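Worksheet for the structure shown next.
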Amino acid sequence: MTTYKDRTGRYTIDAAEPYTVKGTGKLYNIARGHFDGLADLIRWLDASPILNHQGRGIYSERHDPDAWSGTRTYAEARALVMNGWKEGRDKMEPAMAAAIAATAPMPSKAPRFDVAGEYPDVARFIAGDPMNMVRQVRASQRRRPVIKVVTSISAASNVSPQAMIYRGAAILAQVDAWEAAGWSVEIIATEVGTNTGARGIPFGFQHGAFCNDGYGMVTEITLKKAGEPMDLDALTFAMIHPAMLRRFSLGAQERIDLNLANRNSYGRPTSLELLTSTRTGRTIAQEMADEGPFVYFPPINGNMADLYSSQSRAVETVQKFASRAVFSTEENAA
């Protein structure tokens with residue numbers, strides 16, 4: 001895959017490749033940007049010039065008195081990330097406490113049995129099972145499987161701010177339950193915007209190639225690496241603040257050559273489970289799941305709003321998505 005360095009030489013953006021969107025028959029050129037945390041994304045935005053913008057203006061940096069983006073200016077949103085968003089944390093903490101109380105604990109990992117070990121399992125010994133000794137594994141030798149949690153930051157306009165808080169709290173409560181049971185969790189926030197466009201408009205990353213039906217960008221921000229504690233300020237901002245999408249994700253689109261001036265919007269939220277590479281024949285979600293257990297929380301479309309209408313509903317919904325994670329026998333025994 002071709003990548004392009006920005007003018008600082010520090011960051012790379014994957015060159016656009018053709019993807020189809022399942023169920024539409026349309027072909028899109030999709031670029032992908034990978035960032036090591038919110039501060040990393042902001043440093044890239046600061047270092048990169050705006051190359052293009054949607055025809056009605058630079059949305060990421062416009063003055064916003066009506067709070068469409070949750071902040072009046074880009075600088076205000078930037079300060080919340082760099083200095084911490086206390087108001088959001090104060091909203092998230094009680095919701096997360098309620099979600100943790102409502103989240104079923106993960107089963108503990110089963111002990112390992114052998115013909116020799118540190119102490120006997122009496123029931124196995126009486127039953128005549130030769131594998132009746134419990135063998136302990138030092139923590140330093142114990143492999144800790146990593147669960148990759150990928151959550152979309154996109155939501156339809158009819159999804160209330162409180163529903164976003166319920167969802168974020170339920171996801172973090174599930175992460176807490178996994179880690180309490182011995183797994184390590186990585187959290188990645190994503191935003192995917194795809195938009196149809198006029199056939200034949202040049203797409204910059206393709207260097208003269210033409211997009212068939214549209215364009216798009218996948219923005220991926222690692223909010224928590226495996227083994228790290230949860231940074232509630234960063235996680236709360238990414239999951240529930242409107243500026244995460246309307247300042248920073250749109251700002252990323254403005255800094256690569258998406259030819260936005262020829263379009264009437266920045267695109268619509270699209271699930272990673274729908275974008276299929278014409279090169280590999282696999283979706284982005286499938287590619288991200290290659291490294292082990294993987295859970296994806298897709299955009300909250302209008303017909304999904306009710307799934308997060310209360311904390312209990314949000315916990316129930318998140319646990320259904322979480323049940324899709326596949327853990328091998330070896331991982332459960334590790």
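The values are calculated or read from the model by the stated rules, or taken from the named source; none is laboratory data. Computed from a prediction, not measured in an experiment: that's the story for all the values here. Cβ coordinates were reconstructed from backbone atoms using ideal geometry, including for glycine residues, and neighbour counts include every protein chain displayed.
Of the residues in region 80-87, at least one is farther than 17 Å from Leu223 by Cβ, in a helix (DSSP H, G or I), among the basic types (Lys, Arg) and at pLDDT 70 or above. Those helices (runs of 4 or more DSSP H) of region 246-334 in which at least 1 residues are within 30 Å of Tyr59 (Cβ to Cβ) and modelled with pLDDT under 85, considering only elements entirely within it, cover 250-254. Applying the set (1) surrounded by fewer than 16 Cβ atoms within 10 Å (Cβ to Cβ); (2) touching an Asp or Glu at 6+ places or on another chain (Cβ under 7 Å) to Tyr296 leaves exactly one unmet item: (1). For first residues located in region 150-174 and within 13 Å of Ala314 (Cβ to Cβ), partners that are part of a strand (DSSP E or B) and polar (S, T, N, Q) and lie 6+ apart or on another chain with Cβ distances below 8 Å form the pairs Thr151/Thr190; Ile171/Thr151.
Residues satisfying the criterion are present in region 170-182 (criterion: in a loop (DSSP other than H, G, I, E, B) and either buried (at least 22 other Cβ atoms within 10 Å of the Cβ) or modelled with pLDDT under 90 (or both)). Looking only at residues that are small (Gly, Ala, Ser) and under 19 Å from the mean Cα position of the chain (by Cα) in region 303-315, which one is farthest from Glu191 (Cα to Cα)? Filtering first and then ranking leaves Ala314. On the stretch given as region 15-46, residues that are small (Gly, Ala, Ser), in a loop (DSSP other than H, G, I, E, B) and modelled with pLDDT of 80 or more total 1.
When the residues of region 1-14 are narrowed to those that are in contact with a Lys or Arg (Cβ under 9 Å, 6 or more places away or on another chain) and not β-branched (Val, Ile, Thr), which ends up modelled with the lowest pLDDT?
So the residue we want is Met1.
What residue, among those in region 218-245 that are small (Gly, Ala, Ser) and part of a loop (DSSP other than H, G, I, E, B), is farthest from Ile58 (Cα to Cα)? Within region 218-245, the match that is farthest from Ile58 (Cα to Cα) is Gly227. Which residues, counting only those in region 185-216, are assigned to a strand (DSSP E or B), in contact with a Phe, Trp or Tyr (Cβ under 9 Å, 6 or more places away or on another chain) and either at pLDDT below 90 or charged (D, E, K, R) (or both)? Glu191, Gly193, Thr194, Asn195, Thr196, Pro202, Phe210, Gly214, Tyr215, Gly216, listed by residue number.
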